[in-house]
Structure formats: C-alpha cells, structure tokens
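The values are calculated or read from the model by the stated rules, or taken from the named source; none is laboratory data. Predicted model only: the values in this text are computed from it and were never measured. Here Cβ is always computed from backbone atoms with ideal geometry, including for glycine, and neighbour counts include all displayed protein chains.
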Amino acid sequence: MQALARDGASSAIDRRRFLAGSTALTAVLTMTGMTAAAADLAAPPADVAALAAFLTGKSDLSSEMVRKAYEGLRAQEPGFDQRLAMLGERIRAAGLADVEAFKASALAGEPSLMATATALIGALYTGRVGHDWRGHFVAYQDALMYRPTADVTVVPTYSRRPSGYWAQAVQP
Amino acid sequence: MSGQMDADVIVVGAGILGGMAAERLARKGKAVLVLEAGPRVERYKLLQAFREAPNKNDYEAFFPEQSWAPKSDGGQYSDGYIENVGPLTWRPSMLKVVGGTTWHWSSAFWRYLPNDFKLKSLYGQGRDWPIGYDDLEPWYSLAEQITGCSGNDTDDQSGQGGQPFPPRSAPYPLPAEAWSAYTQTVAAKMNGLGFHFIDEPHLRATKTFEGRPACRGNNNCSPLCPIGAMFTGDMAVARAERAGAKVLAQTVAYKLETGPGGKIVAVHAMTPDGTSTRRTARYVILAAHAVETPKLMLMSGVGNRSGQVGRNLMSHPSLAWSVLARDPMWPGRGPVQQGGINDRRDGPDRARRAAIRYLSPQTSPNLGVTDRLLKQGVIGKELDDRIRHDAARSMTIIAALEMLPNPSNRITLGDRKDSLGLPNPRIHFDVDDYTRAGAVVVGQDFERFDQAFEVQTRLGDRKGWKLAAHVMGSTIMGADPRTSVVDGDCRSHDHANLFIASTGVFPSTSVVNPTLTGAALALRLAERIGQEI
C-alpha cells in the first residue's frame, strides 16, 4: 500500500506564504546547501510546497506527495532545483495571484519556465516522474488526474463499489 | 509412482497450460514435477508493487526482475533479453513467475471456430490442423468448467447474428457479465452500422466461484486483478499442487537429454546460483511459453528434424482506433473489456485477406489524457475540466488480424547471455501481404466508426502495427514430420515421450485470444500421457 499520509496539518499549504516571499526558494536552497545528492527530507522545502499549491490550484496537497514529486524531478532532471527556483522568483516578482494569472502572463510564454511548471504539475497529476521503470513513483490513488472523474470512475484497483455498478448509466 | 525415475512426468513451466496439464495428470495418480524458472509470488505483494510502480503502462515492470530468468520487458536484465533483428519490433509479453504470463491478462477465453482448423483446405491459405473442432470440443468444455468461464450461450461467435455457434456440449458455467454503460453504447452504435456486437467469454467470476469473489469492476484485469476474481495461471498451478503435483520454483530448465530410442530421458535445470540438477521422467511436457519452449529445444538440439522449431512465429497484428467521441461515453468503469465484433472473423474473404476481430477496451483513460493535455500546455482549471471532458469521451477499438505461418518469422538463439550463461531469444518478425490486405478493410471500418461516434479528435497512429502478447506457431503442429514439430496430440514427431503444451503449436491464429485452445490442447495431451503411463 502506498504510504501517502493525509496529514492535515503538514499538508495545509499556505499559498500566501509563497506569494509573500518571506523565504525565497533560492535562499532555502542556499541555506540548506541542497543538491540532488544531499536532500533527504521528510518534507519538501516550504516554498516548493507553496509553489506546488500555486501551480495546481490545490491547497490540500499532501506534503509526502509534494516531496516525492520534488525529489523525483531533482533526480530525473539535472538542474531542476535552479529552474524551479527561477520559476518561483519570476512568479513572485510578477506578483501573480494564482495559476490562472500565471497562465495569462508572459511567463507562460517562456518555454523554460513553462516546462518547469508542467514538470511539477505533471508529477503531481500523473503520480510519477519519468516514463519507464527507472522513473520515480509519486502517488497513485491521490494522483490529481483522478480527481476530475472521481464521481464516475474508479482509480484502478481501488473499486469500493458493488459488482455490476458499471451497468448503471452515468448521469450527465 | 515412477520407479527409478524422479517423476512420471516433468512439466517445464508453471503457467496456466503447464498447471492444467499437471493437475490432470496428478489427479490420475501420476507423479508430476513442475519446473519453473521464476519465483513464487503473492497477489497482495504484486498489488503493492503495481500501485507503487512509476509506469502503470508497463505490465511487466512490477513483477520480479531476476538475472537468471528475465521477463520480456521492464528491468535491467529484461530490457535487453528479447532481441529483435527483423523489420518489426516485438517483445511478446512474458513473465517468469509461478503462474506465468496470465498473471496479467484480460482472461478472454474464446473457442476457435471449426473453420479455423481448415484454413488451407477451405480458403487455400496457410495450413490445416491435423485435428478439428470436434476433437477439441470436450476439452474446451472441460477447460471452461475448471476455470469458471463466463459467457453468453446464445451468441453466434462467428459474428453473423445466427444461432449459437460454435456447437457446445455444455453451457458456460457462469452467466454472462452485465455490460457497462460504455459497452451498451458501443454495442448499440456498432449494431447500427450493421455489425453484431457480442459478449467476450472470459474468466472473471460473475458470481462467487470456488473461492473467487465476483468481479468488483476494479478496471485492472490486466495487469493485475487485485481481488483474485479472475482466473489466472497461479490458480491453475495451485490446483495442480492440491492434486499432488510438486512445483520447484527458481529452477531453470536448460537442457533436454535424449537417450535410447530417441526418448527424452532427463531434464537438466539450474538454480539461480548455477547449481545444476539432472531429473528423470517417463514423459516431458514443455509448457514454458511459446518463446522459451523453442529456445529450450534449440539449446538442447531436440525435436527439430523438420527444421521448424522457432519458425512460423505468429501473433495477432493489431491496429488501434483511438478517438475523442462527441458525447460522453465514460470508459474506466467495470472490467477492462467485455465484447466486440466478430463479423469479419470468418468467411470467403479469408481466401484473399486476413480475418479481423474488433474488441472494445474500456480501460481508465486518465493517464493518457493527462499526459496529452500537459504536452499541450494545458494547466490550471482548464486542466481539470479537460481531463473530465476528454476522459469521458475517450474511446479505443482494437482490430486484431490473422497471420499466416511463414518460416522466416522465427526465434533463434542470440549471442547475449543471462547470468546462468544461457542465450537470449532473437526474433525476426514481419507482417505479410495477407495481413496487410486485412488492414485495408480495417481502415475502411475505422472511417465508419468515426461517423458512428461523431468523432471530434483522432488520436494516435491508425496504421502502426501493434503486436499482441499472443504467440503462436513457434513449435508448429502438423501431420507431416518433415514440415512440423508436433503431431495432432502435441507430441514431438521426433521424441515419443516429449509433448508441448503451448499456443506455439498452433498452425493458424484465428483472430481470438489463444489461451482456451491452448488449455484444451494441454488437457487433451495430459489425458493421452495418462493413458500411456
């Protein structure tokens, strides 16, 4: 069973903290001396969690899932730390309120920034980094891609419904 | 008992066919020893491994990876194991664990049609079988009873909308499965085009059956039923063990030893540390997957007087119609597939082009949809909205086509070695004009499907061959020892006590999943051996 604790306290991502910029992502990285090899954290840096919440528009991401996405991306993509820091700085500097504002901004037109954003979003939505067995697991049941259809379809292997449920028509 | 022998019968390979043959012999009081290259595995551990696997589209990766028994894919040893040297890349899905490759399958359990056994004499193509439908019918029925097959007794499985066909001596042991709303809609639209959408017989329990719970619609039959509602090879092996067969896991057969009179007198096998043991038996059954069985025969230099071992390799080359329909369809609810269209499965057209079957999977589309949207740069609220919109409208129809036996499509021994020093299988594979002629008809049908479902977006490549896990022909059956490997009883033409329980013996592919016919042949050959011992 995947160990994705739904820790209400630790998962309460404070988007405003990210936007206030009290601790810049770059500063966090510098202070901790974080490199791809050095990070073995119980939780992702606060700014990463805040950035994940900002980019997905979700305030209830588990810290475990964000940590795994972050670590997976750092392991998979050399320099991801720096690119993520840059993305955070640019969003902060632009004073963007949310992901919709980011999408409408000139920042979304910069391929490097958009690629970094979609990498983090993709890890949290699909629950994995990479596309083969060498990739990194992030989440399964809690992968964000299942939320939009959760009222209709099951996360495969997690059916809690009775035999034959599938014969019922789906209400529009 | 076996006297001075280690066993009456040694079965190489603890998959669904080896398990069924072993059970039949053990029930007759024969001493049966089953050698399996891979380890034992447990469903709950596999489920955990699947859920934590990074790539849910890789059906092999979450199964054990071992240097002495590589899989077809999904690991550092397995990825380079099956080598492709021909025009098409094909690494037929293969697992090496107790239970074998049907740990991950959708459990389609079709009978062949009587005409599938007579392709040459009826249509002038390919080869005839030396046996016919009537020879197999009792064994089809027994295999369905053992496995708890669910099906529709009223369907004409030739796809013509006629009376129930092919003939059955007993009804399906379990009732047909309720169709999902998705399947109901697909069936109605297809029938509107003039096709006859019918049930796919399968091994998901539709009600509690011999300890298996009824299917709960986990939408994960392949790669793993999480609750054991579906019959899988491990269950066949467990039945054999309960009947008295002994299973040795992590035991890699690598040499068949011949003795006086051309009989096989021993099987040599290694444990993962390289320790070799020689085991003797009166009879040997090779049931080690249709890629590994010819490999073992080639390594041993047995059974190949015809030169056909490893040749005539066949599959069901497939084409995919993937779209977004106009209206919500909602795949992702219930089992992964339930039915299809058999209208082009048989008929005079087989004289000039491959038979065709259309199947209708309804697997959860969320991962593919999300990946595609992210590639398009869709984020924010639109991403959630589009996931719901596109997932609801995602559709796939698979066209499975027939193949003819061609000696140049073959398995040979490669130069790479596993950790035991055993060679890898090398595959040369291509699709011929007979199958390509079928693809022309498929393309026309796909256009009709576009109209029926008012397709908004086409996805994927409609003309790219996808090669199924179904492996046939590699130890081909025939009446003539000069051109075939086994006879109609699946007995080696060259070794009277060597039998092959494998879909590799098929001289024709039909267009349906081959496992039931393989199971019927396995039960039948076990009966024959039982009579002779």
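Points to keep in mind about this one:
For (1) under 19 Å from B:P272 (Cβ atoms); (2) surrounded by fewer than 21 Cβ atoms within 10 Å (Cβ to Cβ); (3) of a type outside the set (K, R), each residue gets a yes or a no:
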site: B:G19; (1), (2), (3): no, no, yes
site: B:P39; (1), (2), (3): yes, yes, yes
site: B:D58; (1), (2), (3): no, yes, yes
site: B:Q76; (1), (2), (3): yes, yes, yes
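- Top-ranked residue of the stretch B:24-50 - restricted to ones that are in contact with a Gly (Cβ under 9 Å, 6 or more places away or on another chain) and assigned to a helix (DSSP H, G or I), ranked as farthest from the other protein chains (Cβ to nearest Cβ): B:L25
- Members of the stretch A:118-137 that are at the interface with another protein chain (Cβ under 7 Å from one of its Cβ atoms) and of a type in the set (G, A, S): A:G122, A:G130, A:G135
- Every pair of residues 6+ apart whose Cβ atoms lie under 7 Å, when the first sits in the stretch B:208-227 and is at the interface with another protein chain (Cβ under 7 Å from one of its Cβ atoms) while the second is among the basic types (K, R) and surrounded by fewer than 23 Cβ atoms within 10 Å (Cβ to Cβ): B:A214/B:K207; B:R216/A:R161; B:G217/A:R161
- Qualifying positions in the stretch A:141-158 - within 7 Å of another protein chain (Cβ to nearest Cβ) and within 13 Å of the chain's Cα centre (by Cα): A:M145
- Qualifying residue in the stretch B:51-62 (condition: in the same structural domain as B:P514 (by TED's automatic domain parsing), part of a loop (DSSP other than H, G, I, E, B), within 23 Å of the chain's Cα centre (by Cα) and among the aromatic types (F, W, Y)): yes
- Residue match in the stretch B:192-205 (condition: among the aliphatic types (A, V, I, L, M), crowded, with 22+ Cβ neighbours inside 10 Å, facing chain A (nearest Cβ under 10 Å) and out of contact with any helix residue (DSSP H, G or I) (no Cβ under 7 Å at 6 or more places or on another chain)): yes
- Set B:A143, B:A176, B:A187: member being of a type in the set (A, V, I, L, M), within 14 Å of chain A (Cβ to nearest Cβ) and not in a loop (DSSP other than H, G, I, E, B): B:A187
- Of all residues in the stretch B:422-444, those satisfying the criterion of being in contact (Cβ under 8 Å) with a residue 60 or more places away in the chain and part of a loop (DSSP other than H, G, I, E, B) are B:L422, B:F429, B:D430, B:V431.
- Where strands (runs of 3 or more DSSP E) sit wholly within the stretch B:233-335, those with at least 3 residues that are not β-branched (V, I, T) occupy B:252-258, B:264-270, B:276-286, B:317-324.
- Checked against the criteria, A:L61 counts as within 9 Å of the chain's Cα centre (by Cα) and either of a type in the set (D, E) or crowded, with 20+ Cβ neighbours inside 10 Å (or both).
- Residue check for B:P405: away from chain A (no Cβ under 14 Å) and touching a residue at least 24 places away in the same chain (Cβ under 8 Å): yes
- Counted residues, the stretch B:377-421 - those being assigned to a loop (DSSP other than H, G, I, E, B), in contact with a helix residue (DSSP H, G or I) (Cβ under 9 Å, 6 or more places away or on another chain) and not β-branched (V, I, T): 5
- Among the numbered conditions (1) at pLDDT 95 or above; (2) among the charged types (D, E, K, R); (3) part of a loop (DSSP other than H, G, I, E, B); (4) surrounded by fewer than 23 Cβ atoms within 10 Å (Cβ to Cβ), the only one that B:K120 does not meet is (3).
This table checks each residue for (1) within 16 Å of the chain's Cα centre (by Cα); (2) surrounded by fewer than 15 Cβ atoms within 10 Å (Cβ to Cβ); (3) within 8 Å of chain B (Cβ to nearest Cβ).
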residue	(1), (2), (3)
A:V99	yes, no, yes
A:A108	no, no, yes
A:T116	yes, no, no
A:A139	yes, no, no
A:P162	no, yes, yes
A:A169	no, yes, yes
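- Checking the stretch B:92-113 against the condition returns no match, with no residue being surrounded by fewer than 19 Cβ atoms within 10 Å (Cβ to Cβ), over 30 Å from B:A325 (Cα atoms) and of a type outside the set (S, T, N, Q).
- Filtered residues of the stretch B:197-222 (kept if part of a loop (DSSP other than H, G, I, E, B) and touching a strand residue (DSSP E or B) at 6+ places or on another chain (Cβ under 7 Å)): B:E200, B:P201, B:L203, B:A205, B:T206, B:K207, B:C215, B:C221
- Members of the stretch B:266-279 found to be over 30 Å from the mean Cα position of the chain (by Cα) and buried (at least 19 other Cβ atoms within 10 Å of the Cβ), listed by number: none
- Selection from the stretch B:104-128 of residues that are over 16 Å from B:V511 (Cα atoms) and in contact with a Phe, Trp or Tyr (Cβ under 7 Å, 6 or more places away or on another chain): B:H104
- Within the stretch B:491-513, the residues that satisfy the criterion of being of a type in the set (A, V, I, L, M, F, W, C) and under 18 Å from the mean Cα position of the chain (by Cα) are B:I500, B:A501, B:V505, B:F506, B:V511, B:V512.
- Members of the stretch A:76-97 that are among the small types (G, A, S) and surrounded by fewer than 17 Cβ atoms within 10 Å (Cβ to Cβ): A:G79, A:A93, A:A94, A:G95, A:A97
- Members of the stretch B:345-370 found to be within 14 Å of another protein chain (Cβ to nearest Cβ), in a helix (DSSP H, G or I) and within 29 Å of the chain's Cα centre (by Cα), listed by number: B:N366, B:L367, B:G368, B:V369
- Looking at B:S180, B:S169, just one residue is under 30 Å from B:R212 (Cα atoms) and in contact with a Ser or Thr (Cβ under 7 Å, 6 or more places away or on another chain), and that residue is B:S169.
- The stretch B:424-457: number of residues that are hydroxyl-bearing (S, T, Y), farther than 24 Å from B:R372 by Cα and surrounded by fewer than 14 Cβ atoms within 10 Å (Cβ to Cβ): 0
- Considering residues of the stretch B:375-385 that are touching a Ser or Thr at 6+ places or on another chain (Cβ under 9 Å) and surrounded by fewer than 19 Cβ atoms within 10 Å (Cβ to Cβ) only, the residue nearest to B:L319 (Cα to Cα): B:K375
- Checked against (1) surrounded by fewer than 18 Cβ atoms within 10 Å (Cβ to Cβ); (2) in the same structural domain as B:D461 (by TED's automatic domain parsing); (3) over 30 Å from B:N219 (Cα atoms), B:A354 passes all but a single condition, namely (1).
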